[in-house]
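Report on the following structure.
The values are calculated or read from the model by the stated rules, or taken from the named source; none is laboratory data. Here the structure is a predicted model, which means the values were calculated and not measured. We place every Cβ from the backbone using ideal geometry, glycine too, and count neighbours over all the protein chains shown. Ligands, DNA and RNA are excluded from the accessible area calculation, which covers all protein heavy atoms including side chains. Shrake-Rupley method; radii C 1.70, N 1.55, O 1.52, S 1.80 Å.
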Amino acid sequence: MMNTLSLSSINSNSPYKVRKRRDETYSFITDSSIEIFVSFEKDDILQSGLSYQFGISNPKGSKSPRDSKVRDTILAIVQEFFEKNQAGLLYICETGDGMQKMRNRLFKYWFSLYGESDDYYFQPMTIYDEEENENFAALIIRYDNPKFSDIVREFTTTINLLNSKPAAGE
């Protein structure tokens, strides 16, 4: 079970006021009156260590102008997650509307600072489905995670397996 995140810690580092919703879901309302949800769901895909699937959603599908405070708020939530939990975060871009490439670029931009950090490892990867459509996933994990090597290796192996084509007759 995920350790509880401190709303006072998040809100002291966040430009938007964050509220806890249910389970492991948090929300905030932007200056454009758009409610953004950030969720953490325990993930059982990786068996090497504790991992959570990280989600960002805009349930009403409202158009959102570029707003650096959204990024800063999400990063404050993620930072608190890593302060309280020794786990990996998995991000998989939603594919239902064909906007996954745009979401992936935004996600990589927002989280590129983790790739430049001495504390975090950021590994974005592409997964191809049966029709050769690109889908995107990423792993963010702290270098000091005791299961770091195992989780990174298993994530890489899992993505490579998903991308491998079965031989004819299989």
Take LYS42 and decide whether it is at pLDDT below 85 and either in contact with a strand residue (DSSP E or B) (Cβ under 8 Å, 6 or more places away or on another chain) or more than 22 Å from THR158 (Cα to Cα) (or both). no
Among the candidates GLU24, GLU41, residue that is in contact with a Lys or Arg (Cβ under 9 Å, 6 or more places away or on another chain) and closer than 16 Å to PHE82 by Cα: GLU24
Candidate set from segment 76-97 (those that are surrounded by fewer than 16 Cβ atoms within 10 Å (Cβ to Cβ) and of a type in the set (Asp, Glu)); member that is farthest from THR25 (Cα to Cα): ASP97
Tell me, please, whether a residue that is in contact (Cβ under 8 Å) with a residue 60 or more places away in the chain and within 13 Å of the chain's Cα centre (by Cα) can be found in segment 12-30. no
State yes or no: is GLU83 on the phi < 0 side of the Ramachandran plot, in contact (Cβ under 8 Å) with a residue 60 or more places away in the chain and of a type in the set (D, E, K, R)? yes
Could you list, in sequence order, the residues of segment 121-135 that are touching a strand residue (DSSP E or B) at 6+ places or on another chain (Cβ under 6 Å) and among the aromatic types (Phe, Trp, Tyr)? TYR121, PHE122
In segment 1-34, anything open to solvent by less than 50 Å² (accessible area, probe 1.4 Å) and either within 25 Å of PHE136 (Cβ to Cβ) or of a type in the set (D, E, K, R) (or both) is listed as MET2, GLU24, THR25, TYR26, SER27, PHE28, THR30, ILE34
Residue by residue through segment 98-138, note down the ones that are at pLDDT 75 or above, open to solvent by 30 Å² or more (accessible area, probe 1.4 Å) and of a type in the set (Phe, Trp, Tyr). TYR121, PHE122, TYR128
Could you give me the residue pairs with C-beta distances under 9 Å whose first residue belongs to segment 48-75 and is surrounded by 16 or more Cβ atoms within 10 Å (Cβ to Cβ), whose second residue is assigned to a loop (DSSP other than H, G, I, E, B) and of a type in the set (Val, Ile, Thr) wherever it lies, and which are 6+ apart or on separate chains? SER51/ILE45; GLN53/ILE45; ASP67/THR30; ASP67/ILE34; VAL70/THR30; VAL70/ILE34; THR73/VAL18; THR73/THR30
